[in-house]
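This report refers to the structure that appears directly beneath it.
The values are calculated or read from the model by the stated rules, or taken from the named source; none is laboratory data. The shown structure was predicted, so the numbers you read here are calculated from the model rather than taken from an experiment. FYI the Cβ positions are ideal-geometry reconstructions off the backbone, even for glycines, and counts take in every protein chain you see.
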């Protein structure tokens, strides 16, 4: 063997080691955008959603990340924009995400009064050349006003059906608590979710045979409730149902205690089945029953709750949905062979939309989540009750 050939053969392994690895072994960032309320009265919901999504992404990344369409491994990176629970900021946030070179899906928003106008700027029907609406998939984790996903074929939600939940709850009360005959309502009148869900509550309470004697109304930013509770006291109802978020729910409950209003039963809004209610008024909320799509009653749910506790947050039905969304998106990225490259971003958006639309079921912490034709979720749920500063399972209907 010649000296030259011998040295070339010796150098081949060295040269090979210096060459760049093939693209399938590279790890690149896969951006997941989200938006919601990180400031304002309901900021805790946005902050908790962000914490849940980041914790879920961290678990996925530690387990090897996500496999992209060209075989590359991707690392999920979350960017969360603050829309302050205002329609204008929400629209601006989504337009900013859609104008990015790396955004192919958005998770959010927190507030229904943001989701509705945001869905309104999306293209209504995929492929309609006459519709210049935004062609970008949105996968909502929190905003729960009924029926919003039907506004656009680019809109998807992972929120529970409050109609199903409250129908089940009032039927259960009718069967198990014959002492309850009359109901008084309290509602955050200026908040889209609270107001819409109050109408759902009232409708199913009436259909179950209860007499709804009247209602007291207040605003999300209110801090005094004396007049509203005075009306409530005059109603002398067996059950008081409060469709409000933790902040004003606690305000109303404390005023009820001050005025000596002691109904036989309390029912609350889904969003108030959270640690914020117990931190704000555990004593006054004692006994309140609320339907929810999250409680740490399965192995997955307990592990997710522990992961949230590790970052100083608590899990509830809202950020549980945010957690679920990230794991669902990981699966869909792989199934749809998303590339996550600037040059494929338009194609990736349509692939993601189609993947979301084709889902028959998705991952849920309480069990599989079903899907409806209009891109809504059918989630397992149960009833929880506040007892001694903790949420306990009162009944599991499914």
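Residues that are in contact with a strand residue (DSSP E or B) (Cβ under 7 Å, 6 or more places away or on another chain) and either more than 18 Å from residue 196 (Cα to Cα) or assigned to a helix (DSSP H, G or I) (or both) within region 244-253 comprise 248, 249, 252, listed in sequence order.
Any idea which residue in region 332-343 is surrounded by the fewest Cβ atoms within 10 Å (Cβ to Cβ), counting only those that are part of a helix (DSSP H, G or I) and in contact with a helix residue (DSSP H, G or I) (Cβ under 9 Å, 6 or more places away or on another chain)? Write out each step before concluding.
Initial filter on region 332-343 (part of a helix (DSSP H, G or I)): 332-335, 342-343.
Those left that are additionally in contact with a helix residue (DSSP H, G or I) (Cβ under 9 Å, 6 or more places away or on another chain): 332-333, 335.
Values: 332: 22, 333: 26, 335: 12.
So, considering only residues that are part of a helix (DSSP H, G or I) and in contact with a helix residue (DSSP H, G or I) (Cβ under 9 Å, 6 or more places away or on another chain), the one surrounded by the fewest Cβ atoms within 10 Å (Cβ to Cβ) is 335.
Can you go through 241, 201, 256 and tell me which one is buried (at least 23 other Cβ atoms within 10 Å of the Cβ), assigned to a helix (DSSP H, G or I) and either touching a helix residue (DSSP H, G or I) at 6+ places or on another chain (Cβ under 8 Å) or modelled with pLDDT of 95 or more (or both)?
Going through 241, 201, 256 in turn, just one is buried (at least 23 other Cβ atoms within 10 Å of the Cβ), assigned to a helix (DSSP H, G or I) and either touching a helix residue (DSSP H, G or I) at 6+ places or on another chain (Cβ under 8 Å) or modelled with pLDDT of 95 or more (or both): 201.
Do we find that residue 119 is more than 18 Å from residue 355 (Cβ to Cβ) and either in contact (Cβ under 8 Å) with a residue 60 or more places away in the chain or part of a loop (DSSP other than H, G, I, E, B) (or both) in this structure? No; evaluated as a whole, the condition is false for this residue. Under the condition of being over 17 Å from the mean Cα position of the chain (by Cα) and either touching a residue at least 60 places away in the same chain (Cβ under 8 Å) or over 23 Å from residue 136 (Cα atoms) (or both), the residues counted in region 360-398 number 17.
In region 187-198 there is at least one residue that is in contact with a helix residue (DSSP H, G or I) (Cβ under 8 Å, 6 or more places away or on another chain) and within 18 Å of residue 374 (Cβ to Cβ).
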